[in-house]
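Some notes on the structure that comes next.
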Amino acid sequence: MDVLSASAALTGVLAAGFFDWKLRRIPNWITGVMMCFGLLINTWANGSEGFTYSAFGLVSGILLLYIPFACHGMGGGDVKLLGALGSILGPGLVFKIFLVSALFGGLFSLVVMARNRAMNQTLKRLGGMAWNRLLYFLATGKILAEPGEMLGDNRLTIPYAFAIGCGTMFVLFLL
């Protein structure tokens, strides 16, 4: 990985994390610029192989977060952000970022539950499928609704771009 790609990835996740923290949304222009940059820089550096590498990273990043997104556990901006990182850094690093980000997301979720004194309530709501629901909550920062239960706006959430940003920095600097 070159310095230009690492710098672009870090700049993008910092910007996305800022917007997600302040506004709880990631603007499309951030992820769009990152995706285009990744495709262009990898194609320029390695031709058609670079384009394929970048495109595979983009698709991999999106697919890794598609199920939590489809279950209303995460926003579309988070999905696009991981895809954009994949277009810049490739499929291998985006998978590592995905795993480390899930750990950071779980840690941040536990902190939010503790700060809101919602640990007991959350664990009670997890009910019969406790492990599946706990893993879902740790990975996405949101509570999985019971079948037939309305998804309320009173759910505890975290700005997951912040977890993705921490995961990206951890992978780039420490792995």
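Some notes on this structure:
- A 1.4 Å probe run over the protein chains yields, for the chain, 55 Å² of accessible area per residue, whole-number rounding.
- When only alpha carbons are used to place a centre, the stretch 1-58 and the stretch 83-116 end up 16 Å from one another.
- Taking 58, 23, 107 in turn, the Gaussian network model of the chain (Cα-Cα springs below 10 Å) assigns the largest fluctuation to 23.
- Charge-dipole axis of the chain as Lys and Arg at +1 and Asp and Glu at -1 on Cβ define it, positive-most pick from 47, 165, 21: 21
- Net charge of neighbours whose Cβ lies under 14 Å from the Cβ of residue 25, counting Lys and Arg as +1 and Asp and Glu as -1: +1
- Protection proxy ranking, highest mean first, for peptides 43-52, 97-106: 97-106, 43-52, where packing is the per-residue count of other beta-carbon atoms within 10 Å, averaged.
- Degrees separating the helix 76-89 axis from the principal Cα axis of the chain, which is the longest one: 30 degrees
- Within the accessible area of the chain, the carbon and sulfur atoms contribute 69%, probe 1.4 Å, all protein chains present.
- Placing +1 on each Lys and Arg Cβ and -1 on each Asp and Glu Cβ, with no other charges, gives the chain a dipole about its Cα centre of roughly 620 debye.
- Area accessible to solvent at residue 35, 1.4 Å probe radius, in Å²: 40 Å²
- From largest to smallest, the equivalent ellipsoid semi-axes obtained for the chain from the alpha-carbon gyration tensor read 31, 15, 14 Å.
- Count Lys and Arg as plus one, Asp and Glu as minus one, and take only other residues whose Cβ is under 13 Å from that of residue 61; the net charge is then +1.
- FRET efficiency for residue 46 and residue 71, using Cβ-Cβ distance with R0 set to 45 Å, rounded to 0.05: 0.80
- Principal-axis tilt of helix 91-115 within the chain, Cα atoms, nearest 10 degrees: 30 degrees
The values are calculated or read from the model by the stated rules, or taken from the named source; none is laboratory data. Nothing here was measured: the structure is a model prediction, and the numbers come from that model. Positions of Cβ are generated from backbone atoms using ideal geometry, with glycine treated the same way; all protein chains shown enter the neighbour counts. Keep in mind that these areas ignore ligands, DNA and RNA; they rest on the heavy atoms of the full protein, side chains included. Shrake-Rupley method; radii C 1.70, N 1.55, O 1.52, S 1.80 Å.
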